[in-house]
Amino acid sequence: MENMFFKAAIAGTAATLSVITLNLEAAQAITFNLGGFPTVSSSFFLQEDGIGLTINGSDENGNSRSVARGPNGVGVFLDGSADDFETDGFGPDETLNLLFDSTVDLISATFSRVGFNDDFRLFVDGSATVDADIPGGNIFDFGIGTFDFTPFETIGDQFGFTVIGFNDDFFLKSVEVEKVPEPALMLGLGAVAAGLLAQKRSRKETV
């Protein structure tokens, strides 16, 4: 009777473990296309596959700035000025902030209106993580390039795209992210695995 109980417990635990494993394996990259009808606003909200994204702007002095959205993507704009719509370093360095309502892993970002010497700096949850040249730039400042973040540690829920030099400027056209499993799910996975191991050991001892 006891062996039958352990067999049933092991079967149930294994089934639960399989469901959690399948859920983890089902995680897929999600693309947020940031372009749209030309609009300037204090912020924009987008949602894809259950993940919410708020976009706003700021400068290096901590001042809020508007977000300009158009076919090329999104950039940072100072209302009432001659500032252009790109995120740039002409004046106080501008930062485009992406605030997700879930923890995500940033996979890639696609930039537009890229010149041959345009660079960016990425902040993840407030920490500078990547300084790099934007690929795909050209002398006419009309390039489009995608930067691959998979070699870097870019897991968080707040991402800031800023410039490095005064001559850097760009639009952010899209970002690709992958949702990170919640800590509770990971703890549950560990607990189930530990329980399965303990039940197998108890089964061997009672046989």
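The values are calculated or read from the model by the stated rules, or taken from the named source; none is laboratory data. Note that the coordinates shown come from a computational prediction; the quantities given were computed from them, not determined experimentally. Here the Cβ is made from the backbone with ideal geometry for all residues, glycine too, and neighbour counts use every protein chain on show. Side chains included, ligands, DNA and RNA excluded: accessible areas come from the protein's heavy atoms. Shrake-Rupley method; radii C 1.70, N 1.55, O 1.52, S 1.80 Å.
A few points about this structure:
- Test: residue in segment 63-71 that is modelled with pLDDT of 95 or more, within 19 Å of the chain's Cα centre (by Cα) and of a type in the set (S, T, N, Q): no
- Tallying residues that are open to solvent by less than 20 Å² (accessible area, probe 1.4 Å), of a type outside the set (S, T, N, Q) and closer than 15 Å to GLU48 by Cβ within segment 92-108 yields 4.
- Listed by first and then second residue, the pairs linking a residue in segment 75-86 that is among the charged types (D, E, K, R) to a residue that is open to solvent by less than 70 Å² (accessible area, probe 1.4 Å) and part of a loop (DSSP other than H, G, I, E, B), with Cβ atoms under 9 Å apart and 6 or more places separating them unless they lie on different chains, are ASP83/GLY91; GLU86/ASN72.
- Of the listed requirements (1) within 21 Å of PHE45 (Cα to Cα); (2) open to solvent by 40 Å² or more (accessible area, probe 1.4 Å), ASP131 misses just one: (1).
- Residue match in segment 164-171 (condition: under 22 Å from GLU86 (Cα atoms), crowded, with 19+ Cβ neighbours inside 10 Å and within 18 Å of the chain's Cα centre (by Cα)): yes
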